[in-house]
Structure formats: structure tokens, C-alpha cells
Amino acid sequence: MDLSDIHIDISAGAQPMLDTNPWYVRTRLKTRQLLLVVALAEEANIHRAAAALNITQPAASKLLRELEETLQAPLFERMPRGMRPTLYGEALIRHARMVLGSLDQAQEELAALKAGRLGQVAVGAITSPGVRLLPAAVAAVKRMHANIRIMVDIDTSNVLLERLAQDKLDVVIGRLFPEHEKLPLHYEPLAGEPVHAVVRRGHPLLTAGQLGLSDVQQGAWIVPPSGSVLRHRFALMFQRASLAPPTNVVETSALLFITRALEQSDMIAVLAEDVARYYAAHGMVEILPLAMDCKMDDFGLITPAGKILSPAVALMVDALREASREAYSR
């Protein structure tokens, strides 16, 4: 929603309308007001938001009142136990975070340039490209500019995209799902993600030759949590083969637990191909000769739409593209 389109009744019979000239908002909004709406979004309480900004509660209330009068729109609902953003508030909060994030980025870039550095970049990735793609890209950036500060975060797509929206990350290598369709994001696909079944070294099934799903249906499996995309497709794979999905299962996505549990048992685990090959290369697991007709959706580079990338972020994005061409073109 563009704030220049806001039209709302704030009193009976009145039809106030926000000035459509962009300079109207630009010349009236204060940085502290933007800080306040973000603090209110995070704290949901005017007292805690004021404390976070080191101002008094009356001063915070006045800032909010002046902002709502300027925009001619109610930004927060006053609830019995706090405050909740309205539709207009959610729109302003989103833009406020972008503005404040851009100001923070400008300050960091200026400080870095004064210190002879190119800046910093925070990149998040889901596990598979985090293992195969990200290390090569980070190494390439560091070879070109040793003083760039790089922060790396490995997590699920939903968590990473939330941090991207909060300006805690600059770029994400992950997936977009239907619930992300309306978010202002730019997506550049990189690769798909097959999966493998893995076991401990010396597992009895490794001597059985080429396996079919019926050979492992009764086995003990470590599978992704219920409700996840991969878990659904894992079950569907057996159903398409006219088999009931395994019922002797442990549900987890914790890789450290998975590798340790495999080491101490004859269980079978489902892992993304890149992760499976990484652990197999280090002798921690072996890949079963089992065709797995299920895979995750494509993943790609995700950045905020319309945001100008800093020099450090642009370098990282270019390095990720190059590393992707080298890793996945094979």
C-alpha cells in the first residue's frame, strides 16, 4: 500500500484526505516517529516502546498522535493489554523499517569507507546451499576484499525471510512459498534439491544391491517433521508405489542429532542431496542405493524488491551467482 493513497474517515461525516504530493509526507515525518512505530510493532505497548527509545510515555504518545494527524489515519488500535497495528499501521511499519534500515546501512557504509573497508553483508541460507554454495561464495568475496565483514545465518526459509523483512539479513538463499507471494521480494532461481536416504557406515542394507521402496518400508526412519513439504512428499512417494508410508519414524530436522542417531543405530534418514554428500565425504554416513522419487522445490536468491544493494551486498550476490553456476551447471 502506498501512503499517498490513504483516504479514511476519522470522524463522523468528515472525509479528510492525505495530500497526494509526496513532499507532504517527506517534510513532515520525523525519524523519531518512524522509530516509535517500529518500537510499538515490536513491543505492542506504549510504555515499553517509550523505554526502548529512552523517552517518556507522554512524549511517545504525543509523537504518535502527531503522526496519525499528519497521515490522517489511525495507525494502532488501543487494546486492553497493549496496542495492535491497523492496516495503515502495518503499511507504515513496513516502510519505516526499510527507511531506518537504509539509514543504518548508510551509516555503516560511511564508517566502513572511513576505516578503509568496503562494508558488511549479512547472508542467510537454507542448509543445502549453505553447505555447497555459500562457503565458496564467501571465500571468493574474502579473496577480493579481505576487510568486508560477513555474517552468515543457516535456517529455514520462513525464518530467514522474516529476518530479511526486519533488515537483519541482506540476501537469502531459500525458497518462496504461496504465503510469500504478496511480499515485496525479488527472486532469482538457482537450483532444485533432490534427496537421498542415508545410513551409518557398515549398515546391512549397503550389501543388498539396488534397493526398492518395499525393501525399506518396514525400516526405522528419521524423517522431517510432520507438516513440512519434504515429509509430505516422502509419504507421497510410498503411496505412489502402492505402499503405506513407514510408521516407525523419528521426526526431526536437527542435523547433529540425525548424524549421531545414525551412528548408533540401523535407522535410515532422509537428507537433501548436498547435505548427504557432504556427510558421506567426511565418512559420517553412506548413501543408500535407493531411488528417491521426491525432492524439494527450487531455491534461489531472494532480496528485497526495489532496494538498492550496497557494494558489499552486490559483491556477495555476484559471488553467489558465480558459485551457483560452477556448482549446479554440472
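Figures for the structure shown
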item	result
Members of the range 303-330 found to be aliphatic (A, V, I, L, M) and either assigned to a helix (DSSP H, G or I) or open to solvent by less than 60 Å² (accessible area, probe 1.4 Å) (or both), listed by number	ALA305, ALA312, VAL313, ALA314, LEU315, MET316, VAL317, ALA319, LEU320, ALA323, ALA327
Number of the condition not met by GLU108 [criteria: (1) under 16 Å from GLN33 (Cα atoms); (2) open to solvent by 20 Å² or more (accessible area, probe 1.4 Å)]	(1)
Pairs where the first residue, in the range 29-57, is in contact (Cβ under 8 Å) with a residue 24 or more places away in the chain and crowded, with 17+ Cβ neighbours inside 10 Å and the second is aromatic (Phe, Trp, Tyr) and outside any loop (DSSP other than H, G, I, E, B), C-beta under 7 Å, 6+ apart	LEU40/PHE76
Residue in the range 144-155 that is touching a residue at least 24 places away in the same chain (Cβ under 8 Å), closer than 24 Å to ASP104 by Cα, assigned to a strand (DSSP E or B) and of a type in the set (Asp, Glu) present	yes
Enumeration of residues in the range 75-103 that are farther than 16 Å from LEU183 by Cα, open to solvent by 60 Å² or more (accessible area, probe 1.4 Å) and either β-branched (Val, Ile, Thr) or within 23 Å of the chain's Cα centre (by Cα) (or both)	VAL99, SER102, LEU103
Some residue of the range 181-190 being among the aromatic types (Phe, Trp, Tyr) and part of a loop (DSSP other than H, G, I, E, B)	no
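Results for (1) exposed (fewer than 15 other Cβ atoms within 10 Å of the Cβ); (2) under 19 Å from the mean Cα position of the chain (by Cα); (3) polar (S, T, N, Q); (4) closer than 17 Å to ASP266 by Cβ, shown as yes or no for each residue.
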position: ALA191; (1), (2), (3), (4): no, yes, no, no
position: VAL195; (1), (2), (3), (4): no, no, no, no
position: THR207; (1), (2), (3), (4): yes, no, yes, yes
position: LEU213; (1), (2), (3), (4): no, no, no, no
position: TRP221; (1), (2), (3), (4): no, no, no, yes
position: LEU230; (1), (2), (3), (4): no, yes, no, no
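Conditions (1) open to solvent by less than 30 Å² (accessible area, probe 1.4 Å); (2) under 25 Å from LEU236 (Cβ atoms), marked per residue:
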| residue | (1), (2) |
| --- | --- |
| ARG260 | no, no |
| GLN264 | no, no |
| ASP274 | yes, yes |
| MET284 | no, no |
| ALA291 | no, yes |
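The values are calculated or read from the model by the stated rules, or taken from the named source; none is laboratory data. These numbers come from a predicted model, not from an experiment. Methodologically, a virtual Cβ is constructed for each residue, glycine included, from the backbone with ideal geometry; neighbour enumeration extends over all protein chains shown. Only protein heavy atoms, including side chains, enter the accessible area calculation; ligands, DNA and RNA are left aside. Shrake-Rupley method; radii C 1.70, N 1.55, O 1.52, S 1.80 Å.
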